[in-house]
Amino acid sequence: MQFFVDTAEIEDIKKLNDMGLLDGVTTNPSLIAKSGRQFKEVIKEICAIVPGPVSAEVASTEYDGMIAEGHVLAKLADNVVVKVPLTVDGLRATKTFSKEGIKTNVTLCFSPNQALLAAKVGATYISPFLGRLDDINLDGVELIEQIRQIYDNYNFTTQILSASIRSANHVTQVALAGSDVATIPPSVIYKLADHPLTKSGLEQFVKDWKGTGQSIL
Ligand code: G3P
């Protein structure tokens, strides 16, 4: 499963990229607002750091505006993926971008039928939002399983990009469900390395090693 980081914070992106953990980056208007920076500048900066796909979302909610904005975003760097919302206008725009060879990430997906539509219009990625489904007492992981089955049934090439991931357990669950990509907040990526038995085991090794009085160097 590919790892994307879900942030517009440059320092987090640099650090994770240097560790070799990043296959790509996703942003959204809320993350850009949180960064307090100019959208197009941040996207260009991220694209220069990470060679993989970087999602940049259109702001318009209408077809013509999405197309105009998508063309501007796609020109920022070769690795920009234009992110569009899963609406009728967004699906129309996705079809147009697909014909033009522009990669797309169809976002705000909450149902298998929405994912089916995105695949039919040639989306590069579909972004089902797990955490937000869990927030309203629905099962986000089940949605990933259903989309995986539908896409496999018909050999759709649209990649499942599990989004709105809130916990390390979400990452395990979407990997088990066969998600192609997970886009994960930086704090959750670091939590994947944590285990209490690793922590206590290492503390014991350090203590016992000190007791030997030896040095490796
Ligand atoms: O990738 C979409 C993601 O940023 C949404 O996450 O936590 O705001 O639901 P969240």
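Of the residues Thr104, Thr157, only one is under 19 Å from Ser55 (Cβ atoms), away from the ligand (no atom under 12 Å from the Cβ) and surrounded by fewer than 15 Cβ atoms within 10 Å (Cβ to Cβ); which?
The match here is Thr157.
Can you give me the number of residues within the range 56-97 that are not in a helix (DSSP H, G or I) and not small (Gly, Ala, Ser)?
16
Take the residues of the range 40-70 that are under 20 Å from Leu22 (Cβ atoms) and in contact with a Leu (Cβ under 8 Å, 6 or more places away or on another chain): which is most open to solvent (accessible area, probe 1.4 Å)?
Per the stated criteria, the residue is Lys44.
Find the residue count for the range 108-133, including only residues that are within 13 Å of the ligand (Cβ to nearest atom) and not aromatic (Phe, Trp, Tyr). Even if it seems obvious, please write down each step before you answer.
So in the range 108-133, the residues within 13 Å of the ligand (Cβ to nearest atom) come out as 108-110, 125-133.
If we keep only those that are not aromatic (Phe, Trp, Tyr) too, we end up with 108-109, 126-128, 130-133.
Total meeting the criteria: 9.
Pairs please, first residue from the range 87-99 and open to solvent by 10 Å² or more (accessible area, probe 1.4 Å), second anywhere and among the aromatic types (Phe, Trp, Tyr) and assigned to a helix (DSSP H, G or I), Cβ atoms under 9 Å, 6+ apart in sequence or on different chains.
If the second residue must be among the aromatic types (Phe, Trp, Tyr) and assigned to a helix (DSSP H, G or I), the pairs left are Val88/Tyr63; Asp89/Tyr63; Arg92/Tyr63; Thr96/Tyr63.
Across the range 170-197, which residue is most open to solvent (accessible area, probe 1.4 Å) among those that are of a type in the set (Gly, Ala, Ser) and within 14 Å of the ligand (Cβ to nearest atom)?
Ser187
Taking the options Ser98, Ser35, name whichever one is more than 16 Å from the ligand (Cβ to nearest atom) and among the small types (Gly, Ala, Ser).
Step by step, each of Ser98, Ser35 is checked, and only Ser98 is more than 16 Å from the ligand (Cβ to nearest atom) and among the small types (Gly, Ala, Ser).
Of the residues Ser167, Ser162, which single one is within 16 Å of the ligand (Cβ to nearest atom), of a type outside the set (D, E, K, R) and buried (at least 17 other Cβ atoms within 10 Å of the Cβ)? Before you say what the answer is, go through the steps one by one.
Numbers: Ser167 fails: buried (at least 17 other Cβ atoms within 10 Å of the Cβ).
After applying the criteria, what remains is Ser162.
Among (1) open to solvent by 40 Å² or more (accessible area, probe 1.4 Å); (2) away from the ligand (no atom under 13 Å from the Cβ); (3) among the β-branched types (Val, Ile, Thr), which single condition is Ile136 missing?
Condition not satisfied by Ile136: (2).
With (1) more than 14 Å from the chain's Cα centre (by Cα); (2) within 16 Å of the ligand (Cβ to nearest atom); (3) within 20 Å of Gly122 (Cα to Cα) as the list, and Ile43 as the residue in question, which single condition is left unmet?
The one condition Ile43 does not meet is (3).
Write out, first by first residue and then by second, each pair whose Cβ atoms fall under 8 Å of each other, whose residues are 6+ apart or on separate chains, and whose first residue, in the range 1-22, is among the polar types (S, T, N, Q) while the second is buried (at least 18 other Cβ atoms within 10 Å of the Cβ) and assigned to a helix (DSSP H, G or I).
Thr7/Ile13
Which condition from (1) crowded, with 18+ Cβ neighbours inside 10 Å; (2) more than 16 Å from the ligand (Cβ to nearest atom) is the one that Leu21 breaks?
(1)
Residues Ser162, Ser200, Ser215, Ser127: which one is in contact with a helix residue (DSSP H, G or I) (Cβ under 8 Å, 6 or more places away or on another chain), modelled with pLDDT of 95 or more and polar (S, T, N, Q)?
The unique qualifying residue is Ser162.
Which condition breaks for Ala177 when tested against (1) in contact (Cβ under 8 Å) with a residue 40 or more places away in the chain; (2) farther than 19 Å from Ser55 by Cα; (3) of a type outside the set (Asp, Glu)?
(1)
Identify the residue in the range 1-18 that is within 15 Å of the ligand (Cβ to nearest atom) and closer than 16 Å to Gln159 by Cβ and, among all such residues, is most open to solvent (accessible area, probe 1.4 Å). Don't jump to the end; show me each part of the working.
Here is the first cut: in the range 1-18, the residues within 15 Å of the ligand (Cβ to nearest atom) are 2-9, 12-13.
Checking the rest, the ones that are also closer than 16 Å to Gln159 by Cβ come to 2-4, 6.
Values: Gln2: 63, Phe3: 38, Phe4: 1, Asp6: 32 Å².
Here the answer is Gln2.
The values are calculated or read from the model by the stated rules, or taken from the named source; none is laboratory data. All values derive from a computational prediction rather than experimental measurement. Here Cβ is always computed from backbone atoms with ideal geometry, including for glycine, and neighbour counts include all displayed protein chains. Accessible surface is based on the protein model in full, side chains and every heavy atom, while ligands, DNA and RNA are left aside. Shrake-Rupley method; radii C 1.70, N 1.55, O 1.52, S 1.80 Å.
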